[in-house]
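**Q** So that we are looking at the same thing, I have put the structure below in structure tokens.
Values in this text are rule-based calculations from the coordinates and carry no lab data. Predicted model only: the values in this text are computed from it and were never measured. Here the Cβ positions follow ideal geometry from the backbone for every residue, glycine too, while neighbour counts run over all protein chains shown.
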Amino acid sequence: MAKKLAETESELFQMAMEYLARRDHAEKELRQKLTTKLDKENPDGSKWLDVVIQKLQALGYQSDERYIEMLVRARSERGYGPQFIRQYLQQYQLDSLLIEEYLDPKDRIWNERAFAQLEKKFRQPTRDFKIRQKQQRHLYQRGFSGDNIRWAQARFDESGFLDETDPDDDNDSRFF
């Protein structure tokens, strides 16, 4: 079955609306998808594409700002840090000032998210050097900064070491 190509500007607009009905798209991403729906031999195709994108933006159906907001929220809830998300967004050539507005790496919320990721993945703190390195590597690969990682590990350590008991502790609750 051959792909359906847009024969008119209104058909291209309808195809764009179908994409946007499923989820938000960055302008570049939407352009790429709609370009595949244009007949390469049609000289008006690129003009149609520009008109359709402008019309979608004017009507508020396509917004890079809304796309960034949605993606930052979704990725951060899945445990990714600001550096990972920034790199992901940059592949769509979005406005870097707009990205920075939603991804302030100094925002304390990233510390909390790094801590939550540590709790989720490792359950309890440890003094084992290799496991601590593994924790740091895990957070770094998920896009958290060194400051976020240090803060999260310090807070994780404060939650208590369950793998060791203090020999000087006279109030051993196991016997009460």
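**Q** Among the residues that make up the range 91-101, is at least one of them crowded, with 17+ Cβ neighbours inside 10 Å, under 17 Å from the mean Cα position of the chain (by Cα) and without any contact (Cβ under 8 Å) to a residue 60 or more places away in the chain?
**A** The answer is yes, given that some residue of the range 91-101 is crowded, with 17+ Cβ neighbours inside 10 Å, under 17 Å from the mean Cα position of the chain (by Cα) and without any contact (Cβ under 8 Å) to a residue 60 or more places away in the chain.
**Q** Checking the condition out of contact with any Asp or Glu (no Cβ under 8 Å at 6 or more places or on another chain), farther than 30 Å from residue 111 by Cα and assigned to a helix (DSSP H, G or I), which residue from 14, 83 passes?
**A** So the residue among 14, 83 that is out of contact with any Asp or Glu (no Cβ under 8 Å at 6 or more places or on another chain), farther than 30 Å from residue 111 by Cα and assigned to a helix (DSSP H, G or I) is 14.
**Q** Name the one entry in 50, 44, 24, 39 that is under 30 Å from residue 4 (Cα atoms), touching a Gly at 6+ places or on another chain (Cβ under 8 Å) and of a type outside the set (Val, Ile, Thr).
**A** Matching residue, one of 50, 44, 24, 39: 39.
**Q** Are any residues in the range 46-60 surrounded by fewer than 18 Cβ atoms within 10 Å (Cβ to Cβ), within 27 Å of the chain's Cα centre (by Cα) and within 12 Å of residue 17 (Cα to Cα), and if so, which ones?
**A** Hits for the range 46-60 are 57, 59, 60.
**Q** Are there any pairs, at least 6 apart or on different chains, whose C-beta atoms fall under 7 Å, with the first in the range 25-52 and part of a helix (DSSP H, G or I) and the second loosely packed, with under 14 Cβ neighbours inside 10 Å, and if so, which?
**A** 28/93; 45/39; 49/35
**Q** If you check residue 67 against the conditions, is it part of a helix (DSSP H, G or I), surrounded by 17 or more Cβ atoms within 10 Å (Cβ to Cβ) and either without any contact (Cβ under 8 Å) to a residue 12 or more places away in the chain or among the aromatic types (Phe, Trp, Tyr) (or both)?
**A** It is true that residue 67 is part of a helix (DSSP H, G or I), surrounded by 17 or more Cβ atoms within 10 Å (Cβ to Cβ) and either without any contact (Cβ under 8 Å) to a residue 12 or more places away in the chain or among the aromatic types (Phe, Trp, Tyr) (or both).
**Q** Residue 83 passes all but one of (1) touching a residue at least 24 places away in the same chain (Cβ under 8 Å); (2) under 16 Å from residue 157 (Cβ atoms); which number fails?
**A** (2)
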